[in-house]
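Trainee: One structure, as structure tokens, below. Some questions next.
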């Protein structure tokens with residue numbers, strides 16, 4: 001796998017938003033006092049009349065965004081994932097999802113890789129909360145380039161979207177000209193022994209795991225499931241019909257996330273062994289991002305172990 005550089009996914013959002021501001025005058029941005037953290041400065045500087053700093057009033061920000069859509073605007077809200085979902089769930093459910101408002105909820109600093117800010121900010125339930133809402137699209141891109149692509153793609157999508165990204169600097173491995181289609185998964189590696197389906201930062205962890213598994217003679221079909229809802233059912237079923245078993249990997253609680261979404265598809269269409277690499281019903285804690293991933297069972301070695309377990313079950 002060729003590494004094209006190293007950068008945080010939130011910067012991909014910032015660059016994509018800035019380009020959207022130049023391309024579409026209906027795009028507006030709202031931020032809850034975290035402009036620098038969300039990398040929204042470029043948009044703010046270039047389009048001050050279309051940028052709204054609402055302060056630490058996240059619920060009000062969601063209501064404002066919903067109202068702006070009535071006039072044809074395409075609002076992008078920006079704050080930490082914890083505040084983008086848990087703090088404002090009622091406003092999202094009632095004013096955005098129920099009414100199918102064209103609001104783009106952009107959430108940074110998600111999962112354990114928020115690191116030192118600790119358990120209160122490391123939301124691990126947000127994908128589940130958002131994918132359960134009718135009319136909501138849920139996108140979790142894998143690296144800087146894909147986050148930029150996703151930011152621009154969701155502006156063209158008519159309806160509410162939850163876009164999740166993060167703070168840590170991670171390898172860039174997706175080429176900037178790689179097509180990005182909402183609801184269409186991306187195959188990273190083709191293999192025959194086992195399927196790995198991952199999203200977000202866990203795609204890179206899965207790539208690391210694939211390299212380890214190659215040394216063991218294990219052939220992996222690796223899928224980057226950047227859209228959790230709508231889920232690419234065909235990509236899942238085509239892969240497992242070839243491999244016969246699957247591992248899902250996500251920086252999220254095992255309950256409600258990518259793994260459970262995949263399990264629903266399998267149970268109804270092609271039951272087969274599945275292992276889950278996810279946080280097991282636990283809050284996080286303050287620490288270094290990669291250390292936390294290892295401690296809470298979502299590191300590279302955990303993916304390798306899950307593959308070995310699922311292959312034993314298949315055999």
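Trainee: Select the strands (runs of 3 or more DSSP E) contained entirely in the range 182-237, then report the ones holding at least 3 residues which are touching a residue at least 60 places away in the same chain (Cβ under 8 Å). Walk me through it before giving the result.
Mentor: On the way: elements: 186-189, 194-198, 220-224, 227-229.
It comes to 194-198, 227-229.
Trainee: Any idea which of 74, 105, 123 is outside the structural domain of residue 291 (by TED's automatic domain parsing), in contact with a strand residue (DSSP E or B) (Cβ under 7 Å, 6 or more places away or on another chain) and without any contact (Cβ under 8 Å) to a residue 60 or more places away in the chain? Full working, then the answer.
Mentor: Details: 74 fails: without any contact (Cβ under 8 Å) to a residue 60 or more places away in the chain; 123 fails: in contact with a strand residue (DSSP E or B) (Cβ under 7 Å, 6 or more places away or on another chain).
When all the criteria are applied, what remains is 105.
Trainee: Taking the condition of being surrounded by 24 or more Cβ atoms within 10 Å (Cβ to Cβ) and touching a helix residue (DSSP H, G or I) at 6+ places or on another chain (Cβ under 7 Å), how many residues in the range 175-204 meet it? Give the derivation first.
Mentor: Residues of the range 175-204 that are surrounded by 24 or more Cβ atoms within 10 Å (Cβ to Cβ), as a first pass: 194-203.
Still in the list and also touching a helix residue (DSSP H, G or I) at 6+ places or on another chain (Cβ under 7 Å): 194-199, 201.
Adding up the residues that qualify gives 7.
Trainee: Additional query: Could we say that residue 283 is closer than 18 Å to residue 225 by Cβ, under 19 Å from the mean Cα position of the chain (by Cα) and in contact (Cβ under 8 Å) with a residue 12 or more places away in the chain here? Explain how you work it out, then say what you get.
Mentor: Values: closer than 18 Å to residue 225 by Cβ: no; under 19 Å from the mean Cα position of the chain (by Cα): yes; in contact (Cβ under 8 Å) with a residue 12 or more places away in the chain: yes.
So residue 283 does not fit the description; no.
Trainee: Can you tell me which of 304, 277 is outside any strand (DSSP E or B) and either out of contact with any strand residue (DSSP E or B) (no Cβ under 8 Å at 6 or more places or on another chain) or at pLDDT 95 or above (or both)? Please lay out each step first, then the result.
Mentor: Numbers: 277 fails: outside any strand (DSSP E or B).
The conditions single out 304.
Trainee: Quick one: in the range 255-274, of everything that is part of a helix (DSSP H, G or I) and free of Cβ contacts under 8 Å to residues at least 60 places away in the same chain, which residue is surrounded by the fewest Cβ atoms within 10 Å (Cβ to Cβ)?
Mentor: First pass over the range 255-274, keeping only residues part of a helix (DSSP H, G or I): 258-269.
So of that shortlist, the ones also free of Cβ contacts under 8 Å to residues at least 60 places away in the same chain come out as 259, 263-269.
On the way: 259: 23, 263: 15, 264: 12, 265: 17, 266: 18, 267: 11, 268: 9, 269: 13.
In this case the residue turns out to be 268.
Trainee: A follow-up question, please. Name the residues in the range 231-248 that are within 24 Å of residue 165 (Cα to Cα) and either surrounded by 22 or more Cβ atoms within 10 Å (Cβ to Cβ) or out of contact with any strand residue (DSSP E or B) (no Cβ under 7 Å at 6 or more places or on another chain) (or both), would you? Before you say what the answer is, go through the steps one by one.
Mentor: Initially, the range 231-248 is screened for residues within 24 Å of residue 165 (Cα to Cα), giving 231-233, 235-236, 247-248.
Residues satisfying the conditions are 231, 232, 233, 236, 247, 248.
Trainee: Would the range 105-124 turn up any residue that is farther than 18 Å from residue 201 by Cβ, touching a helix residue (DSSP H, G or I) at 6+ places or on another chain (Cβ under 6 Å) and crowded, with 22+ Cβ neighbours inside 10 Å?
Mentor: Taking every residue of the range 105-124 in turn, at least one turns out to be farther than 18 Å from residue 201 by Cβ, touching a helix residue (DSSP H, G or I) at 6+ places or on another chain (Cβ under 6 Å) and crowded, with 22+ Cβ neighbours inside 10 Å.
The values are calculated or read from the model by the stated rules, or taken from the named source; none is laboratory data. Because the structure is predicted, anything quoted here is derived from the model rather than measured. As a convention, Cβ positions derive from the backbone with ideal geometry for all residues, glycine included, and neighbour counts pool all protein chains shown.
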